[in-house]
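Structure record follows, encoded as structure tokens.
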Amino acid sequence: MEIINTVILSLSGLMLLFVGTMRISAPIKNYLKNSGIQLENDVNLLNEIRGVSAVMLFAGIIILLGTIVPKLTLTSFVVAILIFVGFVTGRLLSMVVDGKPNKQITQGVIFELVLGAANIFALICTLT
């Protein structure tokens, strides 16, 4: 089970690390390329985006640390669950309230749902 935990944490951490880094460094370009969203060059919007991107980046670092520091494994699973299930919850709420997003965002929801569920599964297996 330890190998599965490492794989789940690695995939989760690398995804957040990559997305966080890309969005914090070039949000306008990254959102258009990966989400099909055309952002305005608005200082307030970019500030909000970079703030959330930094949370994703640092969550990715914490999650990845759980693969090499055994005492952080439980914390890493909890952080991953909070991030991925939090995104899924917010996106599903938005789908109900705002309507269905484009294909790229829908695919992102599926990845977040899969990684959230995988982290929940691994956490439960770790605790039992």
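Against the numbered list (1) open to solvent by 30 Å² or more (accessible area, probe 1.4 Å); (2) in contact with a helix residue (DSSP H, G or I) (Cβ under 8 Å, 6 or more places away or on another chain); (3) under 20 Å from A118 (Cβ atoms), M22 comes up short only at (3).
Taking region 29-51 as the range and being assigned to a helix (DSSP H, G or I), touching a helix residue (DSSP H, G or I) at 6+ places or on another chain (Cβ under 8 Å) and open to solvent by less than 60 Å² (accessible area, probe 1.4 Å) as the test, the residues that pass are N30, Y31, S35, L46, I49.
Taken as a whole, region 106-113 holds at least one residue that is open to solvent by less than 80 Å² (accessible area, probe 1.4 Å), at pLDDT below 95, closer than 19 Å to G20 by Cα and over 13 Å from the mean Cα position of the chain (by Cα). Scoring P101 on the criteria (1) open to solvent by less than 60 Å² (accessible area, probe 1.4 Å); (2) assigned to a helix (DSSP H, G or I); (3) under 25 Å from P27 (Cβ atoms) leaves a single failure, condition (2).
Here P27 passes the criteria (1) at pLDDT 95 or above; (2) of a type outside the set (A, V, I, L, M, F, W, C); (3) touching a Ser or Thr at 6+ places or on another chain (Cβ under 8 Å) except the one numbered (1).
Looking at R50, is it within 30 Å of L127 (Cβ to Cβ), out of contact with any strand residue (DSSP E or B) (no Cβ under 9 Å at 6 or more places or on another chain) and of a type in the set (K, R)? First the steps, then the outcome.
Working: within 30 Å of L127 (Cβ to Cβ): no; out of contact with any strand residue (DSSP E or B) (no Cβ under 9 Å at 6 or more places or on another chain): yes; of a type in the set (K, R): yes.
In short, no.
The values are calculated or read from the model by the stated rules, or taken from the named source; none is laboratory data. Given the structure is predicted, the values throughout are model-derived calculations rather than measurements. We place every Cβ from the backbone using ideal geometry, glycine too, and count neighbours over all the protein chains shown. The protein model used for the area step is the full one, side chains on, heavy atoms only, and it has no ligands, DNA or RNA in it. Shrake-Rupley method; radii C 1.70, N 1.55, O 1.52, S 1.80 Å.
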